[in-house]
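The next block holds one structure in the form of structure tokens; read it before the comments.
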Amino acid sequence: MFAVTGDDSHNLMVAMSVKLMRPQVRVVVRRHDIHNANKASRAGADEIVSPDFTGGMRIASAMVRPHVVSFLDQMLRSDEGLRVEEVVIPDDFSSTPLGILLPPRENYLLMATRESGAWVFNPPSEQLATAGSVLVLMTNPDGRAQVEKLLHTPEPTPHGGAGLAPRTADQVRRKRARRRVRLSSAEVCLHQGYRGTGSAGPLVAPPARGEAAQPPRG
């Protein structure tokens, strides 16, 4: 819902009325007087925009950093070139390191993540991508579609298991622990000198050197 009339008091009233009737609706409020920002927040506005303030910042930036402004303008005007996009991770997504989830590609560049209200710029590859977090990327339309596909479609494991979801760090640690337990059990059996004779047969000690093997009793 947009409350963008020319009167701040009318915009505040619209925001308050919408939030009373539908609290889940997102409301963007336009304000002219900078002192009305707190009032708009108390009225329930999710976002407050001041065209006068934003325009002033744009004019100053055009003077001190013209190439950055030109770059950002190009992204806003072009539907085929690069854009700064946000992608929300689905609620049913299993936590996965960003380095596994989003390997380096030409179509996108991960700039930041937002989780629990906190920003992480240039996140490390070992950071976990969790459900509900937001990914901020510099990408084109094809790159965004590729990222959304990665979030919704399980990828093969590094061992080539098609259709299986990538293993998380916890899953890898648990598998390694189980492997160590199996290896330890095998080492104990070898150390004691036993071998299996079948699923239902007894365990028979191997003969010493120079002695013939004795058949099992009974």
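Just a few scattered comments:
- Total residues in segment 24-54, condition small (Gly, Ala, Ser) and part of a loop (DSSP other than H, G, I, E, B): 4
- Just one of (1) more than 28 Å from Phe71 (Cα to Cα); (2) out of contact with any Phe, Trp or Tyr (no Cβ under 8 Å at 6 or more places or on another chain) fails for Met57. It is (1).
We did not get these values from a lab; they are worked out from the coordinates using the rules stated. Treat the numbers as computed from the prediction; the structure is a model and nothing was measured. No Cβ is skipped: glycine too gets one built from the backbone with ideal geometry, and neighbour counts run over all protein chains shown.
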